[in-house]
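Structure first, then comments.
Please treat every number below as a calculation from the coordinates, not as lab data. From a predicted model like this one, the values you see are computed outputs, not experimental measurements. For neighbour counting, all protein chains shown are included, and Cβ atoms are generated from backbone atoms with ideal geometry for every residue, glycine included.
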Amino acid sequence: MNSLRKLASRWCRDDTGATAVEYGLIAALMTLALVGALAATGDGTSDKWEGVADDVGDAMSNAGL
């Protein structure tokens with residue numbers, strides 16, 4: 001029983017995995033920020049390209065093509 005208590009005490013003081021967890025959280029937050037930025041940029045870009053396509057279609061209709 002004493003060895004189990006020593007093992008539990010040593011395990012509670014061990015913080016070697018904390019850095020890996022912190023890096024994992026930072027990577028997750030960066031991923032969320034990147035996905036959000038790309039989604040916002042994608043929507044804006046899509047709207048611009050739809051406008052260009054409409055303008056080209058109007059120009060083609062007006063040119064008689």
Go through 37, 8, 57 and say which Cα lies farthest out towards the positive end of the charge dipole of the chain; charges sit on Cβ, +1 for Lys and Arg, -1 for Asp and Glu. 8
Pick out which of 17, 44, 36 has the largest mean-square fluctuation in a Gaussian network model of the chain, springs linking Cα atoms closer than 10 Å. 17
Restricting attention to the alpha-carbon atoms of the chain, what are Rg (one decimal) and Dmax (integer), both in Å? 28.4, 93
Once you list every other residue whose beta carbon is under 14 Å from the beta carbon of residue 6, what net charge do they have if Lys and Arg are +1 and Asp and Glu are -1? +2
Full extension from residue 53 to residue 30: what is 0.36 nm times the residue separation minus their Cα-Cα distance, to one decimal in nm? 4.9 nm
Placing unit charges on C-beta atoms (Lys and Arg positive, Asp and Glu negative, everything else neutral), compute the dipole magnitude of the chain about its Cα centre in debye, rounded to 20. 1060 debye
